[in-house]
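Colleague: Got a structure for you, written out below as structure tokens; questions coming shortly.
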Amino acid sequence: MAEPKRPLPVVDFLKIPPDGEPYLEGHKCKKCGAVFLGARATCSKCFTRGELQSTRLSNRGTLYVYSIVHRTFPGIEVPYVSAVVDLEGGGTVKGNLIDVEPNPEKIKLGMPVEVVFKDALGRKDKEGNSYLSYFFRPAS
Amino acid sequence: MSDVYVIGTDMIRFGRFPEKKVEDIGAEAALMALDDAGLGIRDMQALYCGNLFQANGMVGQRILQEIGQTGIPVVNCANACATGATAFRDAWMSIKAGIYDLVLAVGVEQMGRGLLGGTGAGKGIPKEGLLGSGTMPAVFAEAGMEHSRKYGTTFEQFAKVSVKNHHHSTMNPKAMYQKETPLEEVMNAEMISYPNTKLMCSVNVDGAAAAVLASERKARELGWKRAVRIRASVLTSDPWQERDLVMPDVNTCTRMAAKQAYEMAGVGPQDINLVELHDCFATAEILHYENLGLCKDGEAGQMIDSGATALGGKVPVNVSGGLLSKGHPLGATGIANIYEVSTHLRGEAGTRQVQGAKLGMTHVIGLGSACAIHILEKVG
């Protein structure tokens with residue numbers, strides 16, 4: 001019997017361990033502490049080579065800034081909240097802020113959010129593969 | 001080292017010209033600038049051509065194929081929204097280096113309509129609207145939000161930028177739009193990406209602008225009554241910032257460029273009489289008041305409220321109508337700014353003339369990022 005197809009990660013820095021919870025992966029410079037998304041050879045902050053170490057990014061953070069998008073490319077559902085989130089312990093990630101009314105009165109800069117992992121809004125690639133994405137939602 | 005001068009400059013009226021080719025409008029602007037200088041293409045020793053969307057299409061050579069194939073060196077350059085300013089700066093450098101005496105710089109773009117940006121598909125599935133937004137209105141909305149976060153800047157204050165720049169454009173016959181937009185109209189226009197409404201987004205237009213640059217020796221020889229001196233030319237890229245992987249930083253590279261430009265010119269922000277800055281979105285203009293040192297950090301909201309940056313104010317900003325109303329043909333914008341500031345320094349700006357203008361600044365930002373700043377001075 002064929003195994004059910006596992007979803008693919010939406011970006012390289014989303015890791016899906018075979019036996020564990022998905023997480024976002026950063027690469028941290030051992031010399032200066034700068035955190036990058038995705039693997040790289042050289043730190044663009046302090047220029048050190050070969051000293052970047054994989055690190056598991058936190059699932060908690062705070063909303064740095066956002067925009068409520070009402071007009072976008074054809075075929076994409078609006079509105080959505082584009083959010084920049086600073087994760088606890090380092091790393092800044094951009095994504096959709098969900099489970100919140102798309103109204104500036106209801107979204108507070110600096111509010112705590114958590115990273116959640118869900119299907120990528122039903123989007124599939126040409127081969128029909130499903131994808132796992134990350135989202136932010138308000139945390140208490 | 002001797003200075004470099006702008007001795008001729010012009011731009012076509014920005015608009016939509018789907019029936020024309022990019023080299024047609026580039027050639028038009030080039031001839032207008034040459035006429036303004038009282039020179040011909042045979043006098044030019046090099047051409048620096050800025051164009052983004054046909055960056056691999058030898059646009060500079062195609063322009064010469066329309067106006068005169070003299071065999072001079074042509075450099076085609078692309079640097080996002082700093083494309084035109086980069087071509088102009090390369091022309092400046094070539095004269096500064098003592099290689100040439102007379103050089104032509106052309107910036108030209110045909111845009112088409114619609115949203116720019118978007119989080120590219122890359123591999124896998126499209127990311128726009130899934131991992132936030134990479135559309136330009138959203139990116140600059142988020143940049144504006146950073147200012148709101150720090151200083152409490154309001155939607156209304158951002159909107160006032162559009163009211164001002166659209167008002168300015170009513171006095172500029174070369175602007176795409178020449179229409180007043182009262183505050184309520186700006187704020188109630190279709191919301192594109194909060195807090196940027198449709199009237200707070202720059203206009204995609206076709207356009208071309210050109211400038212003839214001359215060495216000091218040549219400018220003097222030609223009689224430099226209408227010449228404009230280039231006091232500073234600076235280009236920077238984005239230094240590392242902790243959020244810049246997901247949030248393009250338009251501030252730090254502008255601050256670096258402004259500091260270098262003021263030092264190069266030996267002047268300060270208080271000496272500048274007018275500024276054409278990169279108002280690709282209304283939110284951006286607010287940030288750049290502080291980035292360019294026109295006011296202290298945290299005072300940009302107050303600055304737009306006070307009218308200091310309107311025509312007649314302490315330091316008029318974007319009296320051309322800016323990208324918001326004059327239009328933003330990416331590769332042409334940097335040289336169109338040079339035309340605008342030069343026109344004021346020459347005292348030829350008609351009803352929108354900034355009275356007594358002696359020093360002016362131009363500023364562009366290309367996301368990715370590139371920032372170019374020039375300081376120009378009236379001669380005599």
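Colleague: Which residues, taken from the stretch B:217-268, are part of a loop (DSSP other than H, G, I, E, B), of a type in the set (Asp, Glu) and within 23 Å of B:Gly293 (Cβ to Cβ)? First the steps, then the outcome.
Modeller: Of the stretch B:217-268, the ones part of a loop (DSSP other than H, G, I, E, B) are B:222-227, B:238-250, B:266-268.
This time we only want the ones that are of a type in the set (Asp, Glu), so: B:238, B:242, B:244, B:249.
Across the stretch B:217-268, the qualifying residues are B:Asp238, B:Asp244, B:Asp249.
One line per residue, one yes/no per condition, for (1) among the hydrophobic types (A, V, I, L, M, F, W, C); (2) in contact (Cβ under 8 Å) with a residue 24 or more places away in the chain; (3) within 26 Å of B:Val163 (Cα to Cα):
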| position | (1), (2), (3) |
| --- | --- |
| B:Asp249 | no, yes, yes |
| B:Gly268 | no, yes, no |
| B:Ile272 | yes, yes, yes |
| B:Ala284 | yes, yes, yes |
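Colleague: Related question: Just a yes or no: is a residue in the stretch B:97-114 within 11 Å of chain A (Cβ to nearest Cβ), surrounded by fewer than 21 Cβ atoms within 10 Å (Cβ to Cβ) and out of contact with any Cys (no Cβ under 9 Å at 6 or more places or on another chain)? Please lay out each step first, then the result.
Modeller: If we filter the stretch B:97-114 for residues that are within 11 Å of chain A (Cβ to nearest Cβ), which is where we start, we get B:114.
Those still in the list that are surrounded by fewer than 21 Cβ atoms within 10 Å (Cβ to Cβ) too: B:114.
Going one step further and asking which of them are out of contact with any Cys (no Cβ under 9 Å at 6 or more places or on another chain), we end up with B:114.
Within the stretch B:97-114 (the criterion being within 11 Å of chain A (Cβ to nearest Cβ), surrounded by fewer than 21 Cβ atoms within 10 Å (Cβ to Cβ) and out of contact with any Cys (no Cβ under 9 Å at 6 or more places or on another chain)), the answer is yes, since at least one residue qualifies.
Colleague: Return yes when B:Glu340 is among the acidic types (Asp, Glu), part of a loop (DSSP other than H, G, I, E, B) and out of contact with any Cys (no Cβ under 7 Å at 6 or more places or on another chain) and no when it is not.
Modeller: Values: among the acidic types (Asp, Glu): yes; part of a loop (DSSP other than H, G, I, E, B): no; out of contact with any Cys (no Cβ under 7 Å at 6 or more places or on another chain): yes.
Spelling it out, it is not the case that B:Glu340 is among the acidic types (Asp, Glu), part of a loop (DSSP other than H, G, I, E, B) and out of contact with any Cys (no Cβ under 7 Å at 6 or more places or on another chain).
Colleague: Mind listing whichever residues of the stretch A:20-66 are of a type in the set (Asp, Glu) and either away from every other protein chain (no Cβ under 14 Å) or over 12 Å from the mean Cα position of the chain (by Cα) (or both)?
Modeller: Quick first cut of the stretch A:20-66, residues of a type in the set (Asp, Glu) only: A:21, A:25, A:51.
Hits for the stretch A:20-66 are A:Glu21, A:Glu51.
Colleague: Tell me, which residue of the stretch A:119-129 that is facing chain B (nearest Cβ under 9 Å) and assigned to a strand (DSSP E or B) is surrounded by the most Cβ atoms within 10 Å (Cβ to Cβ)?
Modeller: This residue is A:Ala120.
Okay, residues lined up against (1) modelled with pLDDT of 95 or more; (2) farther than 25 Å from B:Leu34 by Cβ; (3) away from chain A (no Cβ under 14 Å):
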residue: B:Gly223; (1), (2), (3): no, no, yes
residue: B:Asp249; (1), (2), (3): no, yes, no
residue: B:Arg255; (1), (2), (3): yes, yes, yes
residue: B:Glu263; (1), (2), (3): yes, yes, yes
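Colleague: Continuing with the same structure: Pairs only if they're at least six apart or on different chains, beta carbon under 6 angstrom, first in the stretch B:177-196 and within 11 Å of chain A (Cβ to nearest Cβ) and closer than 12 Å to B:Ser162 by Cα, second aromatic (Phe, Trp, Tyr) and surrounded by 17 or more Cβ atoms within 10 Å (Cβ to Cβ); list them, first residue then second.
Modeller: B:Asn196/B:Phe281
Colleague: With respect to A:Val100, determine if the residue is part of a loop (DSSP other than H, G, I, E, B), crowded, with 18+ Cβ neighbours inside 10 Å and in the same structural domain as A:Glu127 (by TED's automatic domain parsing).
Modeller: Details: part of a loop (DSSP other than H, G, I, E, B): yes; crowded, with 18+ Cβ neighbours inside 10 Å: yes; in the same structural domain as A:Glu127 (by TED's automatic domain parsing): yes.
For A:Val100, the condition - part of a loop (DSSP other than H, G, I, E, B), crowded, with 18+ Cβ neighbours inside 10 Å and in the same structural domain as A:Glu127 (by TED's automatic domain parsing) - is met.
Colleague: What single numbered condition from (1) touching a residue at least 60 places away in the same chain (Cβ under 8 Å); (2) outside the structural domain of A:Phe117 (by TED's automatic domain parsing) fails to hold for A:Leu63?
Modeller: (2)
Colleague: Residues to consider are A:Val69, A:Val78; find the one that is within 11 Å of another protein chain (Cβ to nearest Cβ), β-branched (Val, Ile, Thr) and either closer than 21 Å to B:Asp249 by Cβ or in contact with a helix residue (DSSP H, G or I) (Cβ under 7 Å, 6 or more places away or on another chain) (or both).
Modeller: One residue alone meets the criteria, A:Val69.
Colleague: Another question about this same structure. Select from the stretch B:34-70 the residues that are within 17 Å of B:Thr83 (Cβ to Cβ) and outside any loop (DSSP other than H, G, I, E, B) and list them in ascending order.
Modeller: B:Leu47, B:Tyr48, B:Cys49, B:Gly50, B:Val59, B:Gly60, B:Gln61, B:Arg62, B:Ile63
Colleague: To continue, here is another question. So if I check each of B:Leu131, B:Leu116, B:Leu104, which one is touching a strand residue (DSSP E or B) at 6+ places or on another chain (Cβ under 6 Å) and either without any contact (Cβ under 8 Å) to a residue 12 or more places away in the chain or closer than 24 Å to B:Asp206 by Cα (or both)? Steps first, answer last, please.
Modeller: Numbers: B:Leu131 fails: either without any contact (Cβ under 8 Å) to a residue 12 or more places away in the chain or closer than 24 Å to B:Asp206 by Cα (or both); B:Leu116 fails: touching a strand residue (DSSP E or B) at 6+ places or on another chain (Cβ under 6 Å).
Going through B:Leu131, B:Leu116, B:Leu104 in turn, just one is touching a strand residue (DSSP E or B) at 6+ places or on another chain (Cβ under 6 Å) and either without any contact (Cβ under 8 Å) to a residue 12 or more places away in the chain or closer than 24 Å to B:Asp206 by Cα (or both): B:Leu104.
Colleague: Looking at the stretch B:109-116, can you tell me whether even one residue there is acidic (Asp, Glu), farther than 27 Å from B:Lys296 by Cα and modelled with pLDDT of 95 or more? Write out each step before concluding.
Modeller: Here is the first cut: in the stretch B:109-116, the ones acidic (Asp, Glu) are B:109.
Within this subset, residues satisfying the condition of being farther than 27 Å from B:Lys296 by Cα are B:109.
If we keep only those that are modelled with pLDDT of 95 or more too, we end up with B:109.
Yes, there is a match, as at least one residue in the stretch B:109-116 is acidic (Asp, Glu), farther than 27 Å from B:Lys296 by Cα and modelled with pLDDT of 95 or more.
Colleague: Confirm whether A:Leu109 is surrounded by fewer than 21 Cβ atoms within 10 Å (Cβ to Cβ), without any contact (Cβ under 8 Å) to a residue 60 or more places away in the chain, within 14 Å of B:Gly129 (Cα to Cα) and within 7 Å of chain B (Cβ to nearest Cβ). Even if it seems obvious, please write down each step before you answer.
Modeller: Values: surrounded by fewer than 21 Cβ atoms within 10 Å (Cβ to Cβ): yes; without any contact (Cβ under 8 Å) to a residue 60 or more places away in the chain: yes; within 14 Å of B:Gly129 (Cα to Cα): no; within 7 Å of chain B (Cβ to nearest Cβ): yes.
Taking the combined requirement at face value, the residue does not satisfy it.
Colleague: Being over 13 Å from B:Ala29 (Cβ atoms) and of a type in the set (Gly, Ala, Ser) is the filter here; which residues of the stretch B:53-68 pass it? It would help to see each step written out before you state the result.
Modeller: Step one: filter the stretch B:53-68 for residues over 13 Å from B:Ala29 (Cβ atoms), giving B:53-58, B:61-62, B:64-65, B:68.
Those that are over 13 Å from B:Ala29 (Cβ atoms) and of a type in the set (Gly, Ala, Ser): B:Ala55, B:Gly57, B:Gly68.
Colleague: Related question: Just to be sure before I move on: is B:Arg231 of a type outside the set (Ser, Thr, Tyr), touching a residue at least 40 places away in the same chain (Cβ under 8 Å) and surrounded by fewer than 17 Cβ atoms within 10 Å (Cβ to Cβ) in the structure I sent? Spell out how you get there, then give the answer.
Modeller: Details: of a type outside the set (Ser, Thr, Tyr): yes; touching a residue at least 40 places away in the same chain (Cβ under 8 Å): yes; surrounded by fewer than 17 Cβ atoms within 10 Å (Cβ to Cβ): no.
No.
Colleague: While we're here: Please enumerate the residues belonging to the stretch B:197-220 that are within 14 Å of chain A (Cβ to nearest Cβ) and among the β-branched types (Val, Ile, Thr). Break it down into steps so the answer makes sense when it comes.
Modeller: Here is the first cut: in the stretch B:197-220, the ones within 14 Å of chain A (Cβ to nearest Cβ) are B:197-201, B:204.
Passing the criteria: only B:Thr197.
Colleague: Closer than 28 Å to B:Gly321 by Cβ, at pLDDT 95 or above and out of contact with any Cys (no Cβ under 7 Å at 6 or more places or on another chain): is that true of B:Leu34 in this structure?
Modeller: On the way: closer than 28 Å to B:Gly321 by Cβ: yes; at pLDDT 95 or above: yes; out of contact with any Cys (no Cβ under 7 Å at 6 or more places or on another chain): yes.
Against the criterion (closer than 28 Å to B:Gly321 by Cβ, at pLDDT 95 or above and out of contact with any Cys (no Cβ under 7 Å at 6 or more places or on another chain)), B:Leu34 qualifies.
Colleague: Which of the residues belonging to the stretch B:358-379 are surrounded by fewer than 21 Cβ atoms within 10 Å (Cβ to Cβ), touching a helix residue (DSSP H, G or I) at 6+ places or on another chain (Cβ under 6 Å) and of a type outside the set (D, E, K, R)?
Modeller: Hit for the stretch B:358-379 is B:Leu359, nothing else.
Colleague: Does the stretch B:189-230 hold any residues that are out of contact with any Leu (no Cβ under 9 Å at 6 or more places or on another chain) and polar (S, T, N, Q), and which are they?
Modeller: B:Ser193, B:Asn196, B:Thr197
Colleague: Then there's this: Filter the stretch B:19-49 for residues that are surrounded by 24 or more Cβ atoms within 10 Å (Cβ to Cβ), under 21 Å from the mean Cα position of the chain (by Cα) and within 16 Å of B:Ser215 (Cα to Cα) and give the result.
Modeller: Across the stretch B:19-49, the qualifying residues are B:Leu47, B:Tyr48.
The values are calculated or read from the model by the stated rules, or taken from the named source; none is laboratory data. Predicted model only: the values in this text are computed from it and were never measured. Here Cβ is always computed from backbone atoms with ideal geometry, including for glycine, and neighbour counts include all displayed protein chains.
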